[in-house]
Amino acid sequence: MAGNRIVVALADLHGLVDVDGPGTIELSVLDFVSNADAYLAVVDLRMAEGWQCPLLPQLRTAAKFAALLTRVRDEVLPVLRADPADVQALRSLRNRGNKIQKIHKHPTLGPPQIVDEAGTLGNRLTRVAREVLKGRKSVATFSESLDDIENHVARCLQDSAVFDPVEGLGVEEAEEGAPSVDSGEAKSGASTVGSEDAEGGAPSADDDGEEVSDK
């Protein structure tokens, strides 16, 4: 047996390639939130070889958070920079914000820093998108805030996070009810925001089939 291996950086996980196993991977620190998916890929590979990782659910939550942030940065914000009044992009921003907020609702399933930031950022994205869609915030004012929103997302991706050991919480038990990684965000075409269009009539459904109301 390889025993316990403490992980504080991605390099520590890559170093497991040269270690005779199986053993236990003790996740201590996620060096950058943007590295969560890379962490997860290595951990999944090691677990297929018989390694154990008690805090795997927290790593999966971190990867979920990173994936949502990346989609906002790479897919939603560029469309809104080109056209801040794009209704579909605003709905996508709102829906991504809702999904990020869901991470905040599962505090035992993620590193505390990520859970806290998910509440702050998720609420911000959902609120600002809803305000523009409902005509409570002008498109011009929203456009001026895009730099700050993008910087907020970038800071979250560059943050580190400390994993929180959970006494007596097994992987299977922890994963029950955990937020799952969603599918890709559909890009939108140009549109203008009118009072009727902003409300959308009925609640809009995102790409996972999840309905999110403006109410």
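The values are calculated or read from the model by the stated rules, or taken from the named source; none is laboratory data. Being a predicted model, the structure only gives us computed values, none of them experimental. Cβ: placed from backbone, ideal geometry, glycine included. Neighbour counts: every protein chain shown. These accessible areas exclude ligands, DNA and RNA; they are computed on the full protein's heavy atoms, side chains included. Shrake-Rupley method; radii C 1.70, N 1.55, O 1.52, S 1.80 Å.
Values computed for the structure shown
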quantity: Built amide H within the under 5 Å cut-off of Gln52, gap 5+; calculated: Gly23, Thr24, Ile25
quantity: Cα-centre dipole for the stretch 59-165 with unit charges at Cβ (Lys and Arg positive, Asp and Glu negative), debye to 20; calculated: 560 debye
quantity: Efficiency of FRET between Asn151 and Asp20 - r from beta-carbon atoms, R0 35 angstrom, step 0.05; calculated: 0.20
quantity: Accessible surface of the stretch 41-112, 1.4 Å probe, proportion on carbon and sulfur as whole %; calculated: 55 percent
quantity: Most to least packed among 53-66, 141-154 [average Cβ atoms within 10 Å]; calculated: 53-66, 141-154
quantity: Accessible surface ranking that places the most exposed of Asp86, Asp12, Asp116 first, with a 1.4 angstrom probe; calculated: Asp116, Asp12, Asp86
quantity: Whole-Hz couplings from phi, Karplus 6.51/-1.76/1.60, listed for the stretch 133-143; x for Gly and Pro; calculated: 4, 8, x, 7, 10, 6, 4, 5, 5, 4, 4
quantity: Size descriptor, Kirkwood hydrodynamic radius, that averages inverse alpha-carbon separations across the stretch 28-69, Å; calculated: 10.4 Å
quantity: Point-charge dipole on Cβ atoms (K/R +1, D/E -1) for the stretch 111-152, about Cα centre, debye to 20; calculated: 380 debye
quantity: For the stretch 150-155, 3J(HN,Hα) per residue [Karplus equation, 6.51 cos²θ - 1.76 cosθ + 1.60, θ = phi - 60°, Hz, x = Gly/Pro]; calculated: 4, 5, 4, 4, 4, 4
quantity: Sequence-distant residues sharing a close amide H with Gly110 (under 5 Å, placed H); calculated: none
